[in-house]
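K.L.:
Have a look at this one.
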Amino acid sequence: MDLLRSLLETKELSPPIPKNERESLTSTLGEATGMQVYHRSITALGGVIFFLGSQGRGKLLGLLYEETSPDAARFSGEERGIELDQLTLRLCPTNHANAVALRRTLPFTSPQLLGVHKSVGCGDRLGLATPGHVRAVRDTGIAPIFAQQSIREMERTDRTPNEVMDDATWGVLQEGWREGFGADADHLKTTDDVDRCVESGFTFYTVDPGDHVDNAAATDTAETLVDKVAALPWDALESSPQEMRAAYLDQSFDLGAGVMVSFSEEMLLRAVAKCGRAVAHAATMYHHLVERMGSGRNFELEVSVDETETPTTPAEHLFVARELKRLGVRLVSLAPRFVGRFEKGVDYIGDLEEFEAELARHVAVARAMGPYKISIHSGSDKFSIYPIIARVAGDLVHLKTAGTSYLEALRAIVAIDPALFREILAFAKERYATDKATYHVSADPSRFPDPQRPADDQLAGVLADLDGRQLLHVTFGSVLTARDTDGSYRFRDRLLEALSADEEVYYDLLEAHIGRHLAPFV
């Protein structure tokens with residue numbers, strides 16, 4: 001009771017409570033409220049004790065106080081008296097309004113800028129993964145992004161930017177994470193996409209100008225290249241073909257570490273024709289962001305050119321970075337399209353020595369033009385190249401993961417509800433031919449497993465196999481949005497309920513799996 005009283009007298013944000021005291025306080029709060037209290041969530045500010053607890057399969061925010069304070073008044077919920085030192089308890093639903101209030105009240109639950117430090121993006125397609133992600137990142141020194149999802153993924157999972165942000169907020173509170181985290185509005189293609197995410201409070205924006213990259217420029221004739229360069233939006237580029245030639249031809253760019261880049265006329269024409277419109281679009285998106293965010297809100301920008309048909313050469317990378325810098329665009333990271341194959345859900349496919357040599361050149365560009373980080377997209381499960389990236393890039397790396405956390409959710413379902421997993425597997429086989437269209441995958445449908453054949457204790461093997469992983473990876477949107485004839489979700493609600501009922505199974509799997517991703521970088 002002395003600890004409880006001292007917390008109520010805390011005016012500033014209380015420091016994390018020591019483990020031995022936290023356990024006793026958790027028990028006291030649990031008995032008084034009838035909830036299972038998450039012990040790391042307990043904190044105090046301005047005469048109010050905040051904590052997160054579960055009741056049945058739902059979660060509630062608890063506020064404990066003697067007198068209503070401005071902080072407590074921000075939250076909507078049911079107020080009740082309890083037999084605990086004449087205190088008042090307010091139980092609040094974990095809805096959007098209360099998530100906004102929490103971010104205003106407890107700064108550590110609100111996303112921040114991460115800067116040019118080694119970082120990892122942890123995508124969460126179900127809204128349940130943040131506690132597991134926190135456990136994986138804790139004590140690594142790697143800066144995390146816990147709210148990360150593309151507009152495309154949101155549409156495929158029936159989620160909104162607010163939901164992505166709020167789910168990360170509650171997960172951060174649950175685990176008591178106070179080291180700061182980012183929020184990445186990923187693969188934004190239009191200014192409308194930007195606006196939706198600005199309103200939800202994202203701090204990190206990944207602009208994807210891939211639709212404006214001219215992949216044919218890699219093989220076009222010289223005459224065609226000249227015509228394409230002449231037709232570029234030079235007003236948006238604030239330049240001209242003549243000025244572009246003067247800036248690059250007959251010059252050698254010393255990027256350090258023994259890396260030199262020189263442009264022949266053909267190299268320059270191909271780089272400008274391939275990337276010129278993408279540069280113009282990225283700059284337009286950036287300046288729109290500056291205007292929308294206003295003078296009081298800062299943000300970080302990543303430019304992604306990884307979803308293109310041909311690898312990004314160091315010369316093209318230099319051209320893109322140099323032109324964006326000239327146009328006033330400030331980068332925190334850039335995602336090139338690397339050599340080799342970065343397929344979903346499986347390890348890197350390609351020559352490791354070639355990858356290392358090209359990565360070193362890209363890192364040299366990033367150091368010279370920024371410094372900014374090299375972002376590794378489709379970065380999940382690329383275990384063979386993590387040591388290379390850690391050695392070559394050092395702190396200038398941002399690793400993006402997303403689909404692998406969904407696959408770990410399905411691994412948890414194998415343990416919790418094997419019958420549900422079999423249903424999902426059978427449905428995924430029906431959807432694969434359609435859903436694979438927007439992904440780089442090489443799974444062979446003839447090798448897909450029969451959902452009814454493996455014994456329950458062998459089902460997890462589906463998630464260790466290339467074909468099974470890619471089958472389940474690319475069909476996530478169809479699985480999560482499929483509906484029965486009565487309009488209810490076919491799998492989604494059962495999936496979320498099963499994972500919520502046995503949440504520690506999922507958290508343990510995530511901590512181990514994402515931890516394996518991060519180990520080479522620690």
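K.L.:
What is the log10 of I(q)/I(0) for the stretch 60-123, computed with the Debye formula using one identical point scatterer on each Cα and no solvent, at q = 0.18, 0.22, 0.23, 0.26 Å⁻¹?
P.N.:
Calculated log10 I(q)/I(0) at the listed q: -0.71, -0.91, -0.97, -1.14.
K.L.:
By how many nm would the segment from residue 236 to residue 330 grow when fully extended, if each residue of separation counts as 0.36 nm and the alpha-carbon distance is taken off?
P.N.:
Fully extending the segment from residue 236 to residue 330 adds 32.2 nm.
K.L.:
Same structure again: Angle between the Cα long axis of helix 96-105 and the longest principal axis of the chain, 0 to 90 degrees, nearest 10?
P.N.:
Once rounded, one gets 90 degrees.
K.L.:
Using a 1.4 Å probe over the heavy atoms of the protein chains, calculate the carbon and sulfur portion of the accessible area of the chain as a whole percent.
P.N.:
The nonpolar share, carbon plus sulfur, comes to 47 percent.
K.L.:
For the stretch 308-361, which GluC sites (Glu not before Pro) are in a loop by DSSP, counting at most 13 other Cβ atoms within 10 Å?
P.N.:
Loop-located and lightly packed - 309.
K.L.:
Determine the gain in length on full extension of the stretch residue 160-residue 76; use 0.36 nm per residue of separation and subtract their C-alpha separation, reporting nm with one decimal.
P.N.:
Here the segment from residue 160 to residue 76 would lengthen by 28.1 nm.
K.L.:
What does the convex hull of the alpha-carbon atoms of the stretch 194-267 project to on average, in nm²?
P.N.:
Here the figure is 7.9 nm², rounded to one decimal.
K.L.:
Could you tally the net charge around residue 270, taking each other residue with its Cβ under 12 Å from the Cβ of residue 270, Lys/Arg +1 and Asp/Glu -1?
P.N.:
Residues near residue 270 contribute -3 overall.
K.L.:
Need one number: % antiparallel among DSSP beta bridges in the chain, to the nearest 5.
P.N.:
50
K.L.:
Give me Rg over Rh for the chain, both radii from the alpha carbons and Rh done the Kirkwood way, two decimal places.
P.N.:
Rounded to two decimals, Rg/Rh equals 1.01.
K.L.:
Which trypsin sites (Lys or Arg not before Pro) in the stretch 187-272 pass both tests, a DSSP loop state and at most 12 other beta-carbon atoms within 10 Å?
P.N.:
Of the trypsin sites (Lys or Arg not before Pro), not one in the loops of the stretch 187-272 has a Cβ with at most 12 other Cβ atoms within 10 Å.
K.L.:
With a probe of 1.4 Å, find how much accessible area the stretch 371-509 has per residue, and write the answer as a whole number in Å².
P.N.:
38
K.L.:
How large is the helix-only mean residue ellipticity at 222 nm for the chain, computed as the sum of -39500 (n - 2.57) over DSSP H runs with n ≥ 4, divided by its residue count, in deg cm²/dmol to the nearest 500?
P.N.:
-14000 deg cm²/dmol
K.L.:
Further question: Sticking to Cα atoms, compute the Rg of the stretch 204-330 to one decimal and its Dmax as the biggest Cα-Cα distance, whole number, in Å.
P.N.:
14.9, 48
K.L.:
Which of the GluC sites (Glu not before Pro) found in the stretch 192-299 are loop residues per DSSP with 14 or fewer other Cβ atoms within 10 Å of their Cβ?
P.N.:
Counting only loop positions with at most 14 other Cβ atoms within 10 Å, the GluC sites (Glu not before Pro) in the stretch 192-299 are 238.
K.L.:
Straight-line reach only, C-alpha to C-alpha below 29 angstrom: list the lysines that residue 189 could link to, leaving out same-chain residues fewer than 8 apart.
P.N.:
The reachable lysines, counting only those whose Cα sits under 29 Å from residue 189, are 118, 228, 274, 325, 344, 373, 382, 400, 436.
The values are calculated or read from the model by the stated rules, or taken from the named source; none is laboratory data. Every value quoted in this text rests on a predicted model; they were computed, and no experiment measured them. With ideal geometry, Cβ positions are generated from the backbone for all residues, glycine too; neighbour counts draw on all protein chains shown. Protein only, heavy atoms only, side chains kept; ligands, DNA and RNA dropped before computing areas. Shrake-Rupley method; radii C 1.70, N 1.55, O 1.52, S 1.80 Å.
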